[in-house]
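The values are calculated or read from the model by the stated rules, or taken from the named source; none is laboratory data. This one's a predicted model, so the numbers in the text were calculated from it and none came from an experiment. Heads up, the Cβs are rebuilt from the backbone with ideal geometry, glycines too, and the neighbour counts pull from every protein chain shown. To get the accessible areas, we keep the full protein, side chains included, count just its heavy atoms, and leave off ligands, DNA and RNA. Shrake-Rupley method; radii C 1.70, N 1.55, O 1.52, S 1.80 Å.
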Number of protein chains: 2
Amino acid sequence: MSVIVAIDIGGTQLRAAVYPLTGTTPITVQRTPTLGMEDGVFERLTALVDSVWPIELADAISVAAPGPVDPYNGTIISTPNIPAWTNYPLAEMLSKRYKVPAYLGNDANLAALGEWKYGAGQGHHDVLYLTISTGIGGGVISSDMLIEGSRGMATELGHVTVLSDGPVCSCGVRGHLEAVASGPAIARYVLEQISAGRLSTLSSVKNLTAREVAGAARQGDELAKEAFVRAGNFIGLAVAEFLHIFNPSIVIFGGGVTQSGSLILDPITESMKRNIMDPSYLYGLQLATVKLGDDAGLLGALAQAHMRLSKVR
Amino acid sequence: MSVIVAIDIGGTQLRAAVYPLTGTTPITVQRTPTLGMEDGVFERLTALVDSVWPIELADAISVAAPGPVDPYNGTIISTPNIPAWTNYPLAEMLSKRYKVPAYLGNDANLAALGEWKYGAGQGHHDVLYLTISTGIGGGVISSDMLIEGSRGMATELGHVTVLSDGPVCSCGVRGHLEAVASGPAIARYVLEQISAGRLSTLSSVKNLTAREVAGAARQGDELAKEAFVRAGNFIGLAVAEFLHIFNPSIVIFGGGVTQSGSLILDPITESMKRNIMDPSYLYGLQLATVKLGDDAGLLGALAQAHMRLSKVR
């Protein structure tokens, strides 16, 4: 029997799992702290991989990592929590050490791939996955193919204009979706409104997060509710445009902010309908939330291994 | 020898050509007026196809048509200049009559496919094609595959927000690219500015078009030049976002407005660079204009026939 070794590079944890060639139930799973600001991340990773390394022949190692990566040459361009891994040829290093093919992909793209293969998107040919948390990202499956682009940098879905002359985004450009609808953007809006004199039960909260805004909204805080409606309006506008661009049959929402449920999903849906150019984009369209949860990284890496093993490019 | 029969449905002309299975030099080409507002368009089309119908076995008929079409079932949903062709099963009707497979595609998507296979995009795997004329549309090749979407309505690239609360688009939504940067939008901006008291050599022109604005700009008219810079700024913003979304290795510009050359292409390029989230999207990126010209429809239809004949879906 041969197997796939899947790796999920997280900001706080490294995880490794061994999967059989068919199925999504791991034979083994192990984890270890990333400690990305300290030396020795690669050594911690290989100790982890050694601990799960199967007796059976492994067909491939497949890695999901946050941040821009080049999936064609297996290099991490940069990753938020591990400063030493900049232009870091991780796939090559793993392949040399373990003598098997190694693949690397962006975690948002691979989450889309995993949700399509094993989660909410099963059976669809055209899937839009949008994740809204500290940042906003996504991944797209079109005609059963992951959209990656010429250098693997496609589907940066948080970086489209939704508010001309809006706030500056993390990327430096004004008015992007991520700058007005991410978790931090929701909290920032509440703080700005409080500074401007609005009343809210959140006035005294230090280091406000979107999670606390959601809690206050559920308790009836008007400003908190408004902050989610505002973010949802922008997200719905962007989703309408992604429908014009990709015409998917399902939209799958992930990320911490969408765990606020109808607080954010209702305004998203209403805004999407208001901003669609033609109702035929909505015929039969399914809206869903992610199914894979914490396993999205590992299962995305697993799906990537199957994708790479089955195609040439 | 077997051949492909390609058809281009134009607003003023119907064109039909017979191509050998390899190569892009037609064996025969014929055309006839569309007269889309009059009865008998299908009969004119079949008379045209009859006139080119080859003695050799035809492998397929392949049609390019403007407006939304369903490429999966071969139905024209609606097409601008032929009101009778609404929810019109053109491919099925042609297939029944000529006893060969018949395919139908949107002309902007097929122009992208044709430019990739036979024109400016040859050798690239990831191509963004943007056409700017009366409307703004486009097509995208990603990893050697045409993006079509679940119902064939993908890559409506003119229908993305570039100016919050901007003018209402032809589709009814505010602030879309098409509403501020198409040929008519360029002319409208000049007229609005003249109405507001701006001086221009175009003040006395009736039924102003973008072509006349381009002429005045070349003669040094400040308002005319500004109108192209303004449109180019919006187009460049949208192109930057399409780079974030598709990460192509080439952008191909088509349509009458881009025939204004550097008047529009220079501001597009500058705005694209200003609005890109990361310079790595620009590394090795080629900017080009279309090569196929008037033959884009026929050659796009030819490319579609090869695509459909080689895949199942």
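A compact table of results
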item: Residue, surrounded by the fewest Cβ atoms within 10 Å (Cβ to Cβ), within the range A:153-171, restricted to residues that are more than 7 Å from every other protein chain (Cβ to nearest Cβ) and over 17 Å from A:L243 (Cβ atoms); result: A:D165
item: Residue list for the range B:30-74, restricted to those being free of Cβ contacts under 8 Å to residues at least 24 places away in the same chain and either more than 14 Å from B:P89 (Cα to Cα) or open to solvent by less than 50 Å² (accessible area, probe 1.4 Å) (or both); result: B:Q30, B:R31, B:T32, B:P33, B:L35, B:E38, B:G40, B:E43, B:A47, B:D50, B:I55
item: Selected residue (only one of A:R198, A:R230 is open to solvent by 10 Å² or more (accessible area, probe 1.4 Å) and not in a loop (DSSP other than H, G, I, E, B)); result: A:R230
item: Verdict on A:G293 being under 30 Å from A:T25 (Cβ atoms) and free of Cβ contacts under 8 Å to residues at least 12 places away in the same chain; result: yes
item: Candidate set: the range B:98-134, residues that are more than 13 Å from chain A (Cβ to nearest Cβ) and in a loop (DSSP other than H, G, I, E, B); chosen: the one most open to solvent (accessible area, probe 1.4 Å); result: B:K99
item: A:G137 vs. criteria in a loop (DSSP other than H, G, I, E, B), within 12 Å of chain B (Cβ to nearest Cβ), open to solvent by less than 20 Å² (accessible area, probe 1.4 Å) and at negative phi; result: no
item: Identity of the residue in the range B:140-152, within 9 Å of chain A (Cβ to nearest Cβ) and either under 15 Å from B:N247 (Cβ atoms) or acidic (D, E) (or both), that ends up most open to solvent (accessible area, probe 1.4 Å); result: B:D144
item: Test for A:L299: is it outside any loop (DSSP other than H, G, I, E, B) and either in the same structural domain as A:V180 (by TED's automatic domain parsing) or open to solvent by less than 10 Å² (accessible area, probe 1.4 Å) (or both); result: no
item: Answer residue from the range A:247-294, given it is more than 12 Å from chain B (Cβ to nearest Cβ) and of a type in the set (S, T, N, Q) and is most open to solvent (accessible area, probe 1.4 Å) among those; result: A:Q259
item: Residue within the range A:239-249 that is hydroxyl-bearing (S, T, Y), more than 18 Å from B:R174 (Cα to Cα) and either modelled with pLDDT under 95 or not assigned by TED's automatic domain parsing to the domain that holds A:V127 (or both) present; result: no
item: Inter-residue pairs, beta-carbon under 7 Å, first charged (D, E, K, R) and modelled with pLDDT of 95 or more and in the range A:131-148, second crowded, with 24+ Cβ neighbours inside 10 Å and not in a loop (DSSP other than H, G, I, E, B), 6+ apart; result: A:E148/A:N109
item: Test for A:T12: is it surrounded by fewer than 22 Cβ atoms within 10 Å (Cβ to Cβ), of a type outside the set (G, A, S), at pLDDT 95 or above and within 23 Å of the chain's Cα centre (by Cα); result: no
item: Verdict on A:R230 being farther than 27 Å from A:L282 by Cβ, in contact (Cβ under 8 Å) with a residue 40 or more places away in the chain and in the same structural domain as A:I147 (by TED's automatic domain parsing); result: no
